1. Compute the acute angle (0 to 90°) between the alpha-carbon long axis of helix 132-143 and the principal axis of greatest extent of the alpha-carbon atoms of the chain; round to the nearest 10°.
2. Using a simple spin-label model with points 7 Å from Cα along the Cα→Cβ vector, what separation in nm is obtained for ARG276 and ASP66?
3. Among DSSP bridges having both ends in segment 100-214, what percentage is antiparallel? Round to the nearest 5.
4. Please report the antiparallel percentage of DSSP beta bridges with both residues in segment 144-293, rounded to the nearest 5.
5. Assuming 0.36 nm per residue, please report the length gained on full extension of the stretch GLU98 to ASN243 beyond their Cα-Cα distance.
6. Which distance in Å, rounded to a whole number, links the C-alpha centroids of segment 123-152 and segment 171-237?
7. With everything on Cα atoms, drop me the angle between helix 93-104 and the longest principal axis of the chain, reported from 0 to 90° to the nearest 10.
8. Rounded to the nearest 10 degrees, what's the angle between the helix 256-269 long axis and the longest principal axis of the chain, both from Cα atoms, 0 to 90?
Amino acid sequence: MAVIEVSDLRCTYGDHVAVDGIDFTVQRGEVFALLGANGAGKTTTLETLEGHQAPASGSVRLFGHDPRAERRAVRRRTGVMLQDGGFAGELTVRETAELWAKLSRRDGDVTTDLDRLDLTGRADVPVQQLSGGETRRLEVALAIHGQPELLIFDEPTTGLDPESRRRTWQVIGELVDAGSTILLTTHYLVVAEVLANRVAIMRDGRIAVAGTLGQVSARLPARIAFRAPAVPLPPDLEALRVNARVGEVVLETPRLQPDLAQLLAWAEAHDLTLDRLHARGGSLEDAFMEAIA
């Protein structure tokens, strides 16, 4: 059984359709990234999965249960990190963690949670005195308390410095290795590239493209770029040329390896050095920009 099942989900706010008939599943032990520009419907989808609102139509299931009607069946098995934790600023970090642990009813050690997110030294500091990055790490620490089977993260690395971001990635990886399933949204595509097994890119409330990173990026051509040489390119390579900056050649091709080999052989035959040469396949960023265009 899939941990998450979303079927023809539609969510509305008055006349506004925020989510317009989406389908996806998340399997046990998987990291699934839900991507999209602001207003695409990501957070509304997560709020519905968390049981905070009912869908206008369609269904969502966590562990086979309706997260709104059967909240008790999923609550202890699910850790949630919202975009804004809404903490009481006068409580200390430790007091906040201990309160959350009691509310979640999951077994676990609060001290360990804080240590995993490098917050032990800030345990006795009021939450209102934390930096934005420290507050975000506290939200992660609360979500992971008790090693829940499912973790739902809404923008988990927003506001983190590079070191904290890497630490958070490491913690998420450890959770997956221990058997947790992760659903996350993020604006940082590198987070999805580092962590996700599969992604879905939303646009205007619908899923525009979904699949593994390889499947999503393989839909797009590869690129070969180099400084323009003095010698004209052979006609078949010239036909692959796309607009680029002055003095630069960019080729787009669905056959990266043979076309790159032909380019290098041509350069060798003309005793040319192709300055600033680089080649790459289609990327998640390319797929994202095409999907939201």
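Quick note: the coordinates plus some simple rules give every number you see, no bench work behind them. Nothing here was measured: the structure is a model prediction, and the numbers come from that model. When we count neighbours, we look across all protein chains shown, and the Cβ atoms used for this are built from the backbone with ideal geometry, even at glycine.
1. So the helix axis and the longest Cα principal axis differ by about 60 degrees.
2. Modelled inter-label distance: 5.9 nm.
3. Expressed as a percentage, antiparallel bridges in segment 100-214 total about 55.
4. Around 75 percent antiparallel, to the nearest 5.
5. 46.5 nm
6. The two parts, judged by their Cα centres, are 28 Å apart.
7. The helix 93-104 is inclined about 80 degrees to the chain.
8. 40 degrees
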